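Heads up: the structure comes next, in structure tokens.
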Amino acid sequence: MVSRVSHEDAPSADRIAGELRDRIRSGALPRHSKLPTQRVLVEEFKVNRATVRQALAILEREGYLSARGRGAPAVVTLPGQDGPRPAGVEVADRIAVAFQAEDVSIDAFSLTTETLSSALAAPLIAISAGELTPRSITVRILLPDPEGPLAYPRLVSDASDARPRARLAQLTRTFATSLRHQLTSLAEMRLVPKVNVEIRGVPLTPVQKLYILNGTEVLTAYYQVLPRTVEYEQEQLEIYDVLGLNSKVFRASADPEGRDEQDAAFVAESQEWFESLWSTLAQPLTLG
């Protein structure tokens, strides 16, 4: 089968994964059939073997391919459902793809940076090992100002109790400080020529988390409020809170090879929304 991806410029692993995903969905590559060997895919897409491996890894994580044995072609499977996945999985996978670009940019709006910090772990290890060599990394993060009025977290029995917000401020400092240090250390160790990390606070309670990757892809997930018990200063507190890692992520892409005009418009509008907050209400967040 002739690939729809142009051979004039080397396609990314994400685009190759998309082409193979389409073939599986259309039945051109039926379930239980063997995928072409890596050598065949290298020749077809005119890329190196590392890019093919990255594309296959994406499809494995999505459930379209079985785990590959050493030297053996992958076998086509089908995911249990072709729907949104938990943030802890989807954000990590999409950020791994975003880091294949020479110039990486991430704009994020969330309650804390816990999900983002977790998702960055694998790319940062790959950079340290010399497997990824981005030219620049730019990260801008908007977080709710924990000193301001927030709808949550709050004590179930007393909305005026300040302890849940104090706990949030502590978590915000811990995750955000660690994330900034891990990223800026890449420049200090001369692994990435240019790294810029900015973290600002806004007087808003987020109802959803949002990630804009390389200006071409948006990941968004709703925060669902629920009661739960947490520990703070050796006390058990029953609070209204949100759990971000398990929230379902919805994705939109503005890549010409990707989806449709609705997705492209959503990506553009999301970027404008982020810029509007960043340039007006947002102020540098003190983490010290």
(message) Step by step: first the residues of segment 6-48, then only those that are under 22 Å from Val97 (Cβ atoms), of a type in the set (D, E, K, R) and part of a loop (DSSP other than H, G, I, E, B), then the one that is most open to solvent (accessible area, probe 1.4 Å). Which residue is that?
(response) Glu8
(message) Just checking, does segment 217-224 include any residue being of a type in the set (Gly, Ala, Ser) and over 13 Å from Lys248 (Cα atoms)?
(response) no
(request) Six or more apart or on different chains, Cβ under 8 Å: which pairs go from a residue in segment 109-126 that's within 17 Å of Pro206 (Cβ to Cβ) to one that's hydrophobic (A, V, I, L, M, F, W, C) and in a loop (DSSP other than H, G, I, E, B)? Could you list them? (result) Glu114/Leu245; Thr115/Leu245
(message) For the structure I just gave you, tell me whether Thr177 is of a type in the set (Val, Ile, Thr), assigned to a helix (DSSP H, G or I) and within 30 Å of Ala268 (Cα to Cα).
(response) yes
(request) Taking Leu245 as meeting all but one of (1) touching a residue at least 60 places away in the same chain (Cβ under 8 Å); (2) over 16 Å from Glu114 (Cβ atoms); (3) open to solvent by 10 Å² or more (accessible area, probe 1.4 Å), write down the number of the exception. (result) (2)
(message) Any residue in segment 226-239 that is under 11 Å from Pro153 (Cα atoms) and basic (Lys, Arg) sitting within a Cβ distance under 6 Å of a residue that is part of a strand (DSSP E or B) and open to solvent by less than 80 Å² (accessible area, probe 1.4 Å)? List the pairs, counting only those 6 or more apart or interchain.
(response) Arg228/Asp241
(request) Take Thr133 and decide whether it is among the β-branched types (Val, Ile, Thr), touching a helix residue (DSSP H, G or I) at 6+ places or on another chain (Cβ under 9 Å) and within 20 Å of Ala57 (Cβ to Cβ). (result) yes
(request) State whether one or more residues within segment 209-224 are open to solvent by 60 Å² or more (accessible area, probe 1.4 Å) and closer than 30 Å to Val156 by Cα. (result) yes
(message) Looking at Arg190, Arg165, Arg173, Arg140 in this structure, which one is in contact with a strand residue (DSSP E or B) (Cβ under 7 Å, 6 or more places away or on another chain) and either exposed (fewer than 15 other Cβ atoms within 10 Å of the Cβ) or not aromatic (Phe, Trp, Tyr) (or both)?
(response) Arg140
(request) Can you work out which of the residues in segment 49-69 that are of a type in the set (Ser, Thr, Tyr) and within 21 Å of the chain's Cα centre (by Cα) is least open to solvent (accessible area, probe 1.4 Å)? (result) Tyr64
(message) Out of everything in segment 248-262 that is part of a loop (DSSP other than H, G, I, E, B) and open to solvent by less than 90 Å² (accessible area, probe 1.4 Å), what residue ends up being modelled with the highest pLDDT?
(response) Ala254
(message) Need pairs with beta-carbon distance below 7 Å; first residue under 13 Å from Leu111 (Cα atoms) and within segment 161-181, second modelled with pLDDT under 95 and of a type in the set (Gly, Ala, Ser); sequence gap 6+ or separate chains.
(response) Phe175/Ser117
(message) Looking at Leu150 and the list (1) aliphatic (A, V, I, L, M); (2) open to solvent by less than 10 Å² (accessible area, probe 1.4 Å); (3) closer than 18 Å to Thr286 by Cβ, which single condition is not satisfied?
(response) (2)
(request) Identify, from the list Thr286, Thr205, Thr229, the residue that is under 17 Å from Asp145 (Cα atoms), open to solvent by 50 Å² or more (accessible area, probe 1.4 Å) and over 19 Å from the mean Cα position of the chain (by Cα). (result) Thr286
(request) State yes or no: is Ala187 under 23 Å from Leu120 (Cα atoms) and touching a helix residue (DSSP H, G or I) at 6+ places or on another chain (Cβ under 9 Å)? (result) no
(message) Tell me the residue from Trp273, Trp278 that is of a type outside the set (Ser, Thr, Tyr), assigned to a helix (DSSP H, G or I), buried (at least 16 other Cβ atoms within 10 Å of the Cβ) and at pLDDT 95 or above, please.
(response) Trp278
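The values are calculated or read from the model by the stated rules, or taken from the named source; none is laboratory data. Remember, predicted model here, so these are calculated numbers, not experimental data. As a convention, Cβ positions derive from the backbone with ideal geometry for all residues, glycine included, and neighbour counts pool all protein chains shown. These accessible areas exclude ligands, DNA and RNA; they are computed on the full protein's heavy atoms, side chains included. Shrake-Rupley method; radii C 1.70, N 1.55, O 1.52, S 1.80 Å.
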